[in-house]
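The values are calculated or read from the model by the stated rules, or taken from the named source; none is laboratory data. If you're wondering where the values come from, they're calculated on a predicted model, not measured in any experiment. A quick note on method: Cβ atoms are made from the backbone with ideal geometry, for glycine too, and the neighbour counts reach across all protein chains shown.
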Number of protein chains: 2
Amino acid sequence: MTEGSAGGRTPSRAVEQALVDAAERVLVRDGLGGLTVRAVAAEAGVAPMGVYNRFGNKDGLVAAVLARGFDGLAAATSEDTDVDPTARLLACGRNYRRFALAHPQHYGAMFGPGLSQAAPTAELADRADAAFTALVDRVRYGMDRGALRPGDPRGTAQLIWSSVHGAVSLELGGLVLTPDAAASYEALLQMLLDGLR
Amino acid sequence: MTEGSAGGRTPSRAVEQALVDAAERVLVRDGLGGLTVRAVAAEAGVAPMGVYNRFGNKDGLVAAVLARGFDGLAAATSEDTDVDPTARLLACGRNYRRFALAHPQHYGAMFGPGLSQAAPTAELADRADAAFTALVDRVRYGMDRGALRPGDPRGTAQLIWSSVHGAVSLELGGLVLTPDAAASYEALLQMLLDGLR
DNA sequence: ACGTTTGTAGGACAACGTTCTACACCAGGA
DNA sequence: TCCTGGTGTAGAACGTTGTCCTACAAACGT
């Protein structure tokens, strides 16, 4: 224990990163079902025992992968340069969907049924909260500039997140029963802007 | 094959129902991770091989459980007696959340990452479509009576489903970052009515 | 009443997560 | 310089999972 010391006592911290890299590759290639300890260790070129030395167990490894996923989601939803508050919110929503469609396995693992029981780690909750805060900031930006009706930014952000996550989740699950998923998503974003103005 | 014949050749179709009953009990008791073929067979009092005789493999069994779940969801969202179209839509949304909170394991399994790959069965798609149609009917009811802006009922229903599912999904995952999840859900329903009027 | 077909029971196999045991390596004292 | 202590690794091993194979019991058609 006392691993957080400044000594840097771990001579091969790089193995940790290599394992997470390998886990991401395996996840993308073989899906969540193919994400086994042996497969990840083989992909990283280490023994399966390395996973338990570095992350405790398999859940620790997938928690690390999920943490990266939340970071990527936060980065994707933050990469907007528009000054217009409405355009910024729209870009945020579109980037959210783009990230999910570009990394479906990550997204499914992040918000799948594993979150409620397999990984209630405090670190993961912090990452999710950071991604959520990025949205809260954009909502507050919109409220300050009159694009959104004034109110509790966190409550409004939670409302937007619910709708956007639901649309993306259903689309990834093949449950968009309308002809054009992209058009339905755009209609959802427009309805959100209408209902919150 | 040719199982659909009228002969009723299966002398113990009851075993099929007993297996699904047992699977539901195990799912509620031990969660999705505890839903193993052996546990379900033991709970039903039959040999594990019975699962493969009746359902082909484990996925077939869980597909049967999920089909029941979709039926229950359709029944829950349809049990409204209000004549007022707005009240009927609100009841539909509240019943949706009530079902999900009452059967969290079912809901998680129905919409989790298993749907995209583990169970793209035509039967399941039909059940999901039936539950969706119940919502489409209520949307059309609201449009005909002026509670909702006229338009494509399926598109509007998809939009509502996205938002409602997202809110429920985040709540089950413990990702409602506002103090009162019920209040946030009510705000979401109200925003939907506002944005679609 | 017999032969065929159907479903069951139990054991067996590969793969999984996890743990145990023995070995190689790197730092410090004589 | 050698020796000692501790850290991480490699490989085998255990229990459990999904799935399949083989032998046996029961039910239907003639």
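The table that follows gives values for the structure above.
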read-out: Among residues of region B:45-57, those that are aliphatic (A, V, I, L, M) and within 23 Å of the chain's Cα centre (by Cα), counted; value: 1
read-out: Positions within region A:177-197 being in a loop (DSSP other than H, G, I, E, B) and at the interface with another protein chain (Cβ under 7 Å from one of its Cβ atoms), in sequence order; value: A:L177, A:T178
read-out: Residue check for A:V26: at pLDDT 90 or above, away from DNA strand D (no atom under 11 Å from the Cβ), in a helix (DSSP H, G or I) and within 14 Å of chain B (Cβ to nearest Cβ); value: no
read-out: Matching entry among B:A64, B:A125, B:A76, B:A109 (being within 12 Å of chain A (Cβ to nearest Cβ), surrounded by 20 or more Cβ atoms within 10 Å (Cβ to Cβ) and in a helix (DSSP H, G or I)); value: B:A109
read-out: Qualifying residue in region A:110-131 (condition: touching a Leu at 6+ places or on another chain (Cβ under 7 Å), more than 20 Å from A:L27 (Cβ to Cβ) and among the acidic types (D, E)); value: yes
read-out: When residues of region B:49-58 are limited to those that are near DNA strand D (Cβ under 8 Å from one of its atoms) and surrounded by 14 or more Cβ atoms within 10 Å (Cβ to Cβ), the one nearest to B:A18 (Cα to Cα); value: B:V51
read-out: Hits in region A:59-107 - residues which are among the charged types (D, E, K, R) and under 13 Å from A:V20 (Cα atoms); value: A:D59, A:R68
read-out: A:A18 vs. criteria more than 21 Å from A:L101 (Cβ to Cβ) and within 13 Å of DNA strand C (Cβ to nearest atom); value: no
